[in-house]
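The values are calculated or read from the model by the stated rules, or taken from the named source; none is laboratory data. What you are looking at is a predicted structure, and each value in this text was computed from that prediction instead of being measured. Cβ coordinates were reconstructed from backbone atoms using ideal geometry, including for glycine residues, and neighbour counts include every protein chain displayed. Heavy atoms of the whole protein, side chains included, go into the accessibility calculation; ligands, DNA and RNA do not. Shrake-Rupley method; radii C 1.70, N 1.55, O 1.52, S 1.80 Å.
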Amino acid sequence: YFEYACYSCHGFNGETGARPFVPNWPANLASESSFIAFLRGRANVAPGQPSTSMPNYAATTLSDKQARDVYAYIRSFKSNAPPTDQIAAFNQILASAQKPYKR
């Protein structure tokens, strides 16, 4: 996860960053096999077609064993986000937004 810089888009715990996946696990993380198929993507099928979102990892770049290790690590992630009613700054913003506008 760290060696392949997954954290740069998914954050250090899968819950932050530009493309979080915790706690809403996408279908491509449903199983090891779907994860590996997703990683391989166009890298093995159509390598001339560049990815526009996530890099594709060919088996020569990331072995199946390494991919399974990354998958096991990712699936160990747990959501650490507090309930929204416990975020003081958010509640202040929400309360302020609900007040009538005064000119």
Under 7 Å between Cβ atoms, at least 6 apart or on separate chains: pull out the pairs that start in the range 1-20 with a residue that is in contact (Cβ under 8 Å) with a residue 12 or more places away in the chain and end on any residue that is open to solvent by 70 Å² or more (accessible area, probe 1.4 Å) and among the aromatic types (Phe, Trp, Tyr). 1/7; 1/73
State which residue is farthest from residue 65 (Cα to Cα) when the search covers only the range 30-44 and only residues that are at pLDDT below 90 and not polar (S, T, N, Q). 42
Open to solvent by 70 Å² or more (accessible area, probe 1.4 Å), touching a residue at least 24 places away in the same chain (Cβ under 8 Å) and either touching a His at 6+ places or on another chain (Cβ under 9 Å) or closer than 16 Å to residue 1 by Cα (or both): does that describe residue 65? no
When the range 79-103 is examined, which residues are found to be in contact (Cβ under 8 Å) with a residue 40 or more places away in the chain and surrounded by fewer than 10 Cβ atoms within 10 Å (Cβ to Cβ)? none
